[in-house]
1. As a footprinting exposure proxy, order His182, His347 by other Cβ within 10 Å, with the fewest listed first.
2. Residue by residue through the stretch 177-182, what is 3J(HN,Hα) from phi via Karplus (6.51 cos²θ - 1.76 cosθ + 1.60, θ = phi - 60°)? Round to whole Hz and write x for glycine and proline.
3. Short version: what are the Cα gyration tensor semi-axes of the stretch 81-232, square root of 5 times each eigenvalue, largest first, in whole Å?
4. Can you sort Ile322, Ile295 by how many other beta carbons sit within 10 Å, fewest first?
5. Through the Karplus equation 6.51 cos²θ - 1.76 cosθ + 1.60, θ set to phi - 60°, convert the phi angles of the stretch 278-292 into ³J(HN,Hα) values in whole Hz; use x for Gly and Pro.
6. Taking the Cα centre of the stretch 81-232 as origin and charging only Cβ (+1 Lys, Arg; -1 Asp, Glu), how large is the dipole, in debye to the nearest 20?
7. Report, by chain and number, residues whose modeled amide H sits under 5 Å from the one on Asn289, excluding near sequence neighbours (fewer than 5 apart, same chain).
8. Quick check for the stretch 81-232: number of Lys pairs with alpha-carbon distance under 18 Å, counting only pairs 8 or more apart or on different chains?
Amino acid sequence: MLRQAQHNPFFNSSWIVNGTKTICKINVKDNQQAQHKLSISQRKGKVWAIFFLLLVVAGLTAYTGTNPVVPMGDYVFNYPANFGNRINVPANNPTTLQGVYLGRLLFYEPKLSATNTISCGSCHQQSKAFTDGRTLSVGVNNGLATRNSMSLANLLWTRKFFWDGRAASLEEQATFPLTNPHEMGQAVDVSVQKLSKTKLYPGLFKIVYGDSIITGERIVKAIAQFERTLISANSRYDQYLRNAYQPTDDELKGMELFNRGPDPEKGIRGANCTHCHGGPKTYLELFHNNGLDSISKDEGMAEFTGLATDRGRFKVPTLRNIALTAPYMHDGRFKTLDEVVDHYSEHIKQSVSLSAFLQGESNEVGGKSLKLLPKEKKQLIAFLNMLTDSTFITDKRFADPHQSTKN
């Protein structure tokens, strides 16, 4: 038999159990405090549950499979109006944010080389305006490339690639170093197999191309997309053109020499540079024999055309960031800008294929060479140093991303 014996404000209850009086003392205030603590604990539990769900949502948003967040949409090129809009983007490889993201990873991907130690970025280093500071680049197994590494600045406006112009697109150009035994030295199908086995790349290829199939064509297309974004347009020269920098006296004198051809009979002195390096990009996509040798050991364009007049003709490179891209010429023979200027001033070699722009140009009446004065050489080099774009060589968008995407 169970019945309540008494009740008081402190909930001091007595119960009769089988004729025996049992007193169970429960303090109401203690009970209320316990209930309050339970309520707080339940609320905290709900807060932590919501926080956990938010983390899960954030995690799902931040990853597609095992891939990090990838920007999506069309890539918008940003460049000065005076660069012109004659850009070169093939219809079958439009530039997208996701394509550039993938291309940047692949540009710095050592798995694309036979030894897993060399990437495109090995021979095209951002700090050197995407050259490597070597006479000839070193490839897999310490093999040497046959020509000096060219800068990759402002390729968006380029239509012929390599020193001899043998490639008609960035996509075609990218294929050569990947497979060349003296450079990265790896068959495309091997590169495809390597990337397919990673956690990172299949998902990225799906984002960019619609499925996770990795092919050689897709690899070079992505690399080309990234390379088109390497725009250098913020040197002191660019700042001067937009009235944001006042050149020094030597820089102004050098600029005048750069932009003028000599006419000694009229007392006009010049360095005659703009025939090949004119315009705000300091690049005109020309091929010339610039008088390095009377008989060039490297045939240049003649290797493909078979024409004697093409022997020793090479692509005229941009002068953007020229102070950072030594050594100079297709074979890296000149170590300094002083040597380069000396060559054009005094040491042009005659040949059947010598550029017409370098014939009969002199600052002396009846002279056979340009004959710049020592002071003029110094001034010309001062101007060339104006073409260095410090933002280009430090832009994080162009840097090696793999430190934060190890897999």
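1. Ranking His182, His347 by Cβ neighbours within 10 Å, fewest first, gives His347, His182.
2. Values, residue by residue: x, 4, 9, 4, x, 8 Hz.
3. 22, 22, 13
4. Result, fewest neighbours first: Ile295, Ile322.
5. x, x, x, 7, 6, 7, 10, 6, 10, 10, 9, 8, 9, x, 6
6. Dipole of the stretch 81-232, to the nearest 20 debye: 200 debye.
7. Residues meeting the amide H criterion: Phe314, Ser355.
8. Qualifying lysine pairs in the stretch 81-232: 9.
The numbers here are math on the coordinates, done by the rules we state, and not lab data. Since we're looking at a predicted model, the values are computed, not measured. We place every Cβ from the backbone using ideal geometry, glycine too, and count neighbours over all the protein chains shown.
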